[in-house]
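The values are calculated or read from the model by the stated rules, or taken from the named source; none is laboratory data. Worth saying up front: this structure is predicted, and the values here are computed from it rather than measured. Virtual Cβ from ideal backbone geometry, glycine too; neighbours counted across all protein chains shown.
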Amino acid sequence: MNTEARAHRGTIALEDACVLSQQRFDGNQFILRVRAPRCAQRATPGSFAHLTCDTSIPMRRPLSIMRADADDGSVEFLYKPVGHGLAQLATREADDIVSVLGPIGHGFDPDPKRPMILAVAGGVGIPPVYFLAETLRDDARFALLVLLGSEVPFPFPTTVRDESITGLPPSASHAIVDLERWHVPSALASNAGLEGCYPGHVPDLARAWLSKQSGDVLERVQIVSCGPEAMLRATAALAHEFDVPAALAVEEFMACGVGGCAGCIVPIHTPDGIAMKRVCVDGPVFDARELYPA
């Protein structure tokens, strides 16, 4: 049997998870917190879980993991209920049971040789970057700058940033409270006129910062990103333009979530030609140069 096919065996748990809380935020956004200790133990930034939404809906839905606490066994997901399945998940209440299959996939693996991480995320692509920031906040090997974009109010408290960030436009004056508390600098972008946000798309804000950095700084930068395809393409273009590596977490429709159905394949460009890779178990994080070559 092929070793690659066996790589994820024994790492994915199936659990009946108790809903601990479900919060609704402006813009039809939800944060679901469940008790899934086996998933929490192994979750890494960029990995996801496959959840049942309702007993009447046979297909699970993939959701990126936003937080995982191995000590109390909790896992959190941020999502928008687009479609019938997630609309049913949004009706789940505390003490309900949700079947959780996870964690699934290869997450971010930052290179210590590039200690400056520029994290770029938008909408429901925020969870992997949020998880990465919390995971690395005490890791002395890395420094992070987190740039988040949204067209609806952010589902986290924001505040005026404690310290200015060299290279960012003055309009990007606000930050996420949690990230400030973790001493991880952040800035926000929106086309919806949100207070303290750069008026534009988040890759535009990233470009503004990158364009102000010296060559010596750029040699230390790596990009991590998650969001809709147009945002990932724009972020990949930035990586090419400024000659920095980028890791992109891809969002894709999927059926089984564990590599069996091959319904979530994407073309990856390799030296030997195009290879079809499964987002669920070969990803969801891919090298920008292989996903969107220049």
Near pairs, Cβ below 8 angstrom, 6+ apart or cross-chain, from segment 119-144 (at pLDDT 95 or above) to any residue that is aromatic (Phe, Trp, Tyr) and not in a helix (DSSP H, G or I) | 127/77; 128/108; 132/108; 133/182; 134/182; 136/142; 137/182
Which numbered condition trips up residue 174, out of (1) of a type outside the set (Gly, Ala, Ser); (2) at pLDDT below 95; (3) in contact with a strand residue (DSSP E or B) (Cβ under 7 Å, 6 or more places away or on another chain)?
-> (2)
Mind counting the residues in segment 187-212 that are outside any loop (DSSP other than H, G, I, E, B) and closer than 18 Å to residue 123 by Cα?
-> 11
Write out, first by first residue and then by second, each pair whose Cβ atoms fall under 6 Å of each other, whose residues are 6+ apart or on separate chains, and whose first residue, in segment 260-277, is farther than 20 Å from residue 61 by Cα and modelled with pLDDT of 90 or more while the second is of a type outside the set (Val, Ile, Thr) and in a loop (DSSP other than H, G, I, E, B).
-> 269/293
In the list 184, 98, 152, which residue meets the criterion of being under 24 Å from residue 239 (Cα atoms) and either in contact (Cβ under 8 Å) with a residue 12 or more places away in the chain or outside any strand (DSSP E or B) (or both)?
-> 184
State which residue pairs qualify: first residue outside the structural domain of residue 152 (by TED's automatic domain parsing) and inside segment 9-30, second residue among the acidic types (Asp, Glu) in any location, beta carbons under 7 Å apart, and separation of 6 or more residues or different chains.
-> 18/95; 19/93; 19/95; 19/96; 22/93
Considering each of 61, 38 in turn, give the residue that is without any contact (Cβ under 8 Å) to a residue 60 or more places away in the chain and surrounded by fewer than 21 Cβ atoms within 10 Å (Cβ to Cβ).
-> 38
Could you please let me know if residue 103 is closer than 20 Å to residue 252 by Cβ and surrounded by fewer than 20 Cβ atoms within 10 Å (Cβ to Cβ)?
-> no
Selected residue (criterion: surrounded by the most Cβ atoms within 10 Å (Cβ to Cβ)) from residues of segment 227-259 that are farther than 18 Å from residue 280 by Cβ and charged (D, E, K, R) = 233
Residue 224: passes all of (1) surrounded by fewer than 21 Cβ atoms within 10 Å (Cβ to Cβ); (2) outside any loop (DSSP other than H, G, I, E, B); (3) touching a strand residue (DSSP E or B) at 6+ places or on another chain (Cβ under 6 Å) but (1)
Filtered residues of segment 264-291 (kept if within 17 Å of residue 45 (Cβ to Cβ) and part of a strand (DSSP E or B)) = 284, 285, 286, 287
Tell me, yes or no, whether segment 66-73 has at least one residue that is within 22 Å of residue 284 (Cα to Cα), of a type outside the set (Lys, Arg), at pLDDT 95 or above and not in a loop (DSSP other than H, G, I, E, B).
-> yes
